[in-house]
Amino acid sequence: MSFSAVAQSYSWQEAHRLLLNMQYEKLYQILPHIKNTPMDKCIAEYSVFHSYVIQSLVIQPKQYENKVKYYYENTLYYSQKLPENSPYRLYLVGEMDFEMALVYLQDKSYWSAVWKIKSAYQKLSECVQKYPDFYEPYKTLGILHTMIGNIPRRYTWMVSMLGFKGTIQQGEKELLLCIQKADLQQTEAQLVYAYMCMNIYLKREKSLGIASEMPKQYPESKYIATVCALICTKLNHDEEGMYIIDKLPQFKDNYLDFAFTEYLTAEYALHRNDKNTAIQHYMNYVSKNQNDLFKADSYFKTGLCYELQNKRNEAMAYYQKSIAEPNSEQEEDKQAKKYAQELLKKPLNSIQMDLRIARNYADGGYYDKAVKQIEKYQQNLSVYEVHEQLEWYYRMARTEHAQKKWQSALEYYQKCTQISLMQPVWMQVYAWYYMGTIHEAQKNNTKAKECYQKALSYDGYEYQNSLERRAKAALQRVK
């Protein structure tokens, strides 16, 4: 039997499996030999489109621009060959419009992104109205309704103008429906749900459970492994994240190679305060990465590693590289540039160094080491600058909170809010938010609501968009 004859048996499920595995070359090889049915052809073409969208987002938009557009048109062509009553005719176009919006956002083509999001929202909403028992659209509608439900204040006018409506509860319900009942989008919906549990739904243990288990369920998927490692890192569970990342070298031939794993490896080293290893991997990331995401952050943290080793000249050189990087929409890059400018003017003193080392440990989940690094300052804390006192209380609060030592965490957070400054800083605003999460966990919704409202009363501080999204989601929960 010839290869061509055997290849004719390939179904859309096989194409989608290769997509999730990031075995893109194999996916492209089997594309001409997919079963000759409208459904198989259409979803296989969509899988190729989706693969180029991912490469556009993680590598370089311009490099894959023509491929993205070509397979968008191909999928559109095959979708019109589906039966008139097939929900996929409408669904796949809406899904592709949403993914095109992500590409436009990455390329800073904001108005193009807005109109594609509007088109996606309309098509997916129409699809679920026409086909109420078709669950594929609920992944993207779940994302959109969650984000609409906790949009920062400064963007609410745009959401209203575009006619978007939705709540966080609605978004979560839709994601769960997709996970339970969909075929094509079930796995990606589960990844999205894990990410939302971490950032929005305040179900961090649920998020960690999903991120720890999915790589075991899908051992051939580099895509799932990378996303789950990122989630573990964001949840301050470096050991779980490193376990996943250590498995990634098995994904060699025929798997997409991209630089982000170098960045994660650098983060793990920084959290252990293994500064030289961190420097090596941050520089590997910068040399391999073809876009500007996290480059300013990588240069800044490289400089910081040198600063923490008292190598001031080397540190300053990397701070300057961080500042020189093109503007990025990533919060990490924005803050990296800001801190690099500050540290160019004035080096860290001894307590600031210890606070930063403690923060590194805490970010990786090494809480005992974090406390040990800074507990010595408690007896003489009043002799230090107010900003240093504030950060000391905040770091102690975060380590106690992470270990569910709620009463002592509340006391440290309260100290943060009581320090008098000319302009409140992000640590004070976040202290109100985190106090709210503790009260919510203790089923005291009245106090939780007061804390969340207090957090939302501030303006003009760092990380404001991120905090507002979380606090708005929290208010919806306790109401």
Under 20 Å from Lys116 (Cα atoms) and without any contact (Cβ under 8 Å) to a residue 60 or more places away in the chain, is that true of Glu65? yes
Tally time: how many residues in the stretch 316-326 are in contact with a helix residue (DSSP H, G or I) (Cβ under 8 Å, 6 or more places away or on another chain) and closer than 18 Å to Gln290 by Cβ? 2
Condition first: closer than 28 Å to Asp274 by Cα and buried (at least 19 other Cβ atoms within 10 Å of the Cβ). Can you find one or more residues in the stretch 410-429 that meet it? yes
Quick one: in the stretch 288-330, which of the residues that are among the polar types (S, T, N, Q) and at pLDDT 95 or above is nearest to the chain's Cα centre (by Cα)? Ser298
Scan the stretch 284-305 and report the pairs whose first residue is farther than 21 Å from Asp354 by Cα and assigned by TED's automatic domain parsing to the domain that holds Ala266 and whose second residue is among the charged types (D, E, K, R) and not in a helix (DSSP H, G or I), with Cβ atoms within less than 8 Å and a gap of 6+ or a chain change. Asp292/Glu325; Lys295/Glu325; Ala296/Glu325
Only one of (1) more than 30 Å from the chain's Cα centre (by Cα); (2) surrounded by 17 or more Cβ atoms within 10 Å (Cβ to Cβ); (3) not aliphatic (A, V, I, L, M) is not met by Pro61, so which one is it? (1)
Scanning the stretch 336-373 for residues that are within 22 Å of Ala296 (Cα to Cα) and among the polar types (S, T, N, Q), which turns out surrounded by the fewest Cβ atoms within 10 Å (Cβ to Cβ)? Gln341
List the number of the failed condition for Gly364; all other conditions in (1) closer than 24 Å to Leu421 by Cβ; (2) touching a residue at least 60 places away in the same chain (Cβ under 8 Å) hold. (1)
Across the stretch 96-131, what is the number of residues that are at pLDDT 95 or above and in a loop (DSSP other than H, G, I, E, B)? 1
Which residue, of Tyr70, Tyr91, Tyr135, Tyr77, is modelled with pLDDT of 95 or more, outside the structural domain of Asn291 (by TED's automatic domain parsing) and part of a loop (DSSP other than H, G, I, E, B)? Tyr135
Restricting attention to the stretch 374-404, which residues are exposed (fewer than 15 other Cβ atoms within 10 Å of the Cβ) and within 21 Å of Ile438 (Cβ to Cβ)? Gln403, Lys404
Could you check how many residues of the stretch 188-220 are part of a helix (DSSP H, G or I) and aromatic (Phe, Trp, Tyr)? 2
Considering residues that are part of a helix (DSSP H, G or I) and surrounded by fewer than 17 Cβ atoms within 10 Å (Cβ to Cβ), the number found within the stretch 324-335 is 5
Picked from the stretch 7-29 (must be part of a helix (DSSP H, G or I) and over 17 Å from Leu184 (Cβ atoms)), the residue modelled with the lowest pLDDT is Ala7
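The values are calculated or read from the model by the stated rules, or taken from the named source; none is laboratory data. Since the model is a prediction, treat every value here as computed from it, not as a measurement. Cβ coordinates were reconstructed from backbone atoms using ideal geometry, including for glycine residues, and neighbour counts include every protein chain displayed.
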